[in-house]
Amino acid sequence: MSAAPTRTATVALERRRETRMRLLIWLALSCAFAIWLALVAVAAAWVREFFQTSAAPAPAVLEQVGGIVLYREAGARADVSVAQGMQIFDGDEVSTSPGSSATLRAFDGSSLQIYPDARLRVDASTIGRFTPAATRAEFALLTGAMRLSIASAENQAHTMRITTPRGAATFASGEYTLRVTGEAVRISVWNGKATADVGGRSVNVAEGKKLIVRSAEPGDYAVVDVMENVVVNGDFARGYDAWEPWEDREQNRPDVPGHLAIERPGEASAPSVAMRVTRNSERDAHNETGLRQVVNRDVAGSRAVRVEAMVRVDDASLSGGGYSGTEYPLMIRIRAHDRRGGDQVWTHGFYYANSEDRPVQFGEIVPQGTWVKFSADLTQAFSQTATIDSIEVFGAGHTFDASIGAVKLLVD
């Protein structure tokens, strides 16, 4: 009587075991299939990423070398001299000494010309093996000035990217100047368009404009005209602020000093405010009286330098530029240093008569008692200049009476 229930219980237990076993087998198979699917997905993603990012090295070439140019291989601690034609790979750095310059040619034909006391690093210079999207042209200007020329190319998938200590920027085909100093980073767009990342904000810089980034903080930047006026208070609206009065008298011939005054001319053609310099000599002794402003502006690699002012000459006792062509009743003088540290001086004078046929090689004639707008292109004169030190506006000679206003020194 008891054997039948026992057999029934045993059969039920075996069936439950078989059911659990089948469930475990299906669970194992499902897990294995899921793992297989995951592996397939990972492999597919890896293959896709490989095809999208795989790139071959495309080193930049040191096309031109002028003076002492140094090279530091990626991971190295010391700089060594370079030779023209050397290949520069990812992570390598090129630096220029005072008075030196170098030009790198990227694989896409772009030219990167660095000027004295500059350091440039190649961050990524590669060409995609399977897709143009993997192509990268990325450099870092650590300090100094650089001219960037990007040739136009059809169907070009990559853009040039330059990193600076205050952010990075991408560049379309065109012509640019980049300048990195302790005071600011400047990006000038002569032709083309640049987009910069400034403190997490995207800033577009159009043709004819310049981006000035003074720090990496959001908002600490300005977009100005590409030709930046570096003279402070050149309109004399704040009197002599930012200017230093000075006078140079002839030795051993005591005479009256020159006189400076801030005036409001009032004529329709005149600047609203002007500096007037006068002197009425008693002994015909030489005198220079004027204002000086320290500029201390790096202009290495500048594509343009220009000086502008409104000028007026009312009186002068000397004809033309005086006895030696250096004594004009009104003068502008700019002092600078070239790339090798040598002094440079640019001088220009204004006069209204030269009845005695005195030298006037540094001057130009203007109508007496009339306001005239003056503008001079100094790009060629300062083509080898590293730093503009100062600008001076002054009267020179014996007796003189002249005025100047709206003084600007426009630099790249």
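The values are calculated or read from the model by the stated rules, or taken from the named source; none is laboratory data. Model, not experiment: these values are computed from the prediction. A quick note on method: Cβ atoms are made from the backbone with ideal geometry, for glycine too, and the neighbour counts reach across all protein chains shown.
Go through (1) buried (at least 19 other Cβ atoms within 10 Å of the Cβ); (2) in contact with an Asp or Glu (Cβ under 7 Å, 6 or more places away or on another chain) one by one and return the number of the condition Tyr221 breaks.
Unmet for Tyr221, out of (1) buried (at least 19 other Cβ atoms within 10 Å of the Cβ); (2) in contact with an Asp or Glu (Cβ under 7 Å, 6 or more places away or on another chain): (2).
Being buried (at least 19 other Cβ atoms within 10 Å of the Cβ), among the small types (Gly, Ala, Ser) and within 13 Å of the chain's Cα centre (by Cα): is that true of Ala184 here?
Working: buried (at least 19 other Cβ atoms within 10 Å of the Cβ): no; among the small types (Gly, Ala, Ser): yes; within 13 Å of the chain's Cα centre (by Cα): yes.
So Ala184 fails the test.
Evaluate the following for Ala168: is it small (Gly, Ala, Ser), crowded, with 18+ Cβ neighbours inside 10 Å, touching a residue at least 12 places away in the same chain (Cβ under 8 Å) and farther than 30 Å from Glu282 by Cβ? First the steps, then the outcome.
Numbers: small (Gly, Ala, Ser): yes; crowded, with 18+ Cβ neighbours inside 10 Å: no; touching a residue at least 12 places away in the same chain (Cβ under 8 Å): yes; farther than 30 Å from Glu282 by Cβ: yes.
No: the conditions fail for Ala168.
Among the listed residues Thr278, Thr289, identify the single one that is buried (at least 17 other Cβ atoms within 10 Å of the Cβ), over 39 Å from the mean Cα position of the chain (by Cα) and in contact (Cβ under 8 Å) with a residue 12 or more places away in the chain. Step through it out loud before you land on a result.
On the way: Thr289 fails: over 39 Å from the mean Cα position of the chain (by Cα).
Just a single option satisfies the conditions, and that option is Thr278.
Considering only the stretch 385-410, how many residues are at pLDDT 95 or above, among the β-branched types (Val, Ile, Thr) and closer than 22 Å to Tyr115 by Cα?
Of the residues in that region, 1 qualify.
Would you pick out the residues in the stretch 80-139 that are of a type in the set (S, T, N, Q) and in a loop (DSSP other than H, G, I, E, B)?
First pass over the stretch 80-139, keeping only residues of a type in the set (S, T, N, Q): 81, 84, 87, 95-97, 100-101, 103, 110-111, 113, 125-126, 131, 135.
Answer for the stretch 80-139, where residues must be of a type in the set (S, T, N, Q) and in a loop (DSSP other than H, G, I, E, B): Gln84, Ser97, Ser100, Ser110, Thr131, Thr135.
Quickly run through the stretch 247-274 and pick out the residues that are part of a strand (DSSP E or B) and out of contact with any Asp or Glu (no Cβ under 8 Å at 6 or more places or on another chain).
Just the residues of the stretch 247-274 that are part of a strand (DSSP E or B), to begin with: 247-249, 259-263, 274.
Residues satisfying the conditions are His259, Leu260, Ala261, Ile262, Glu263.
If I filter the stretch 312-351 down to residues being within 13 Å of Val366 (Cα to Cα) and aromatic (Phe, Trp, Tyr), which single residue comes out as surrounded by the most Cβ atoms within 10 Å (Cβ to Cβ)?
Tyr328
Considering the stretch 332-353 alone, what residues qualify as being in contact with a strand residue (DSSP E or B) (Cβ under 7 Å, 6 or more places away or on another chain) and more than 30 Å from Gly99 (Cβ to Cβ)?
The initial filter retains those residues of the stretch 332-353 that are in contact with a strand residue (DSSP E or B) (Cβ under 7 Å, 6 or more places away or on another chain), namely 332-339, 343-352.
Selection gives Gly349, Phe350, Tyr351, Tyr352.
Looking at (1) at negative phi; (2) at pLDDT below 95, which one does Gly219 not meet, given that it meets all the others?
Result: Gly219 fails condition (1) only.
Is at least one residue of the stretch 65-81 under 59 Å from the mean Cα position of the chain (by Cα), surrounded by 10 or more Cβ atoms within 10 Å (Cβ to Cβ) and modelled with pLDDT under 80?
no
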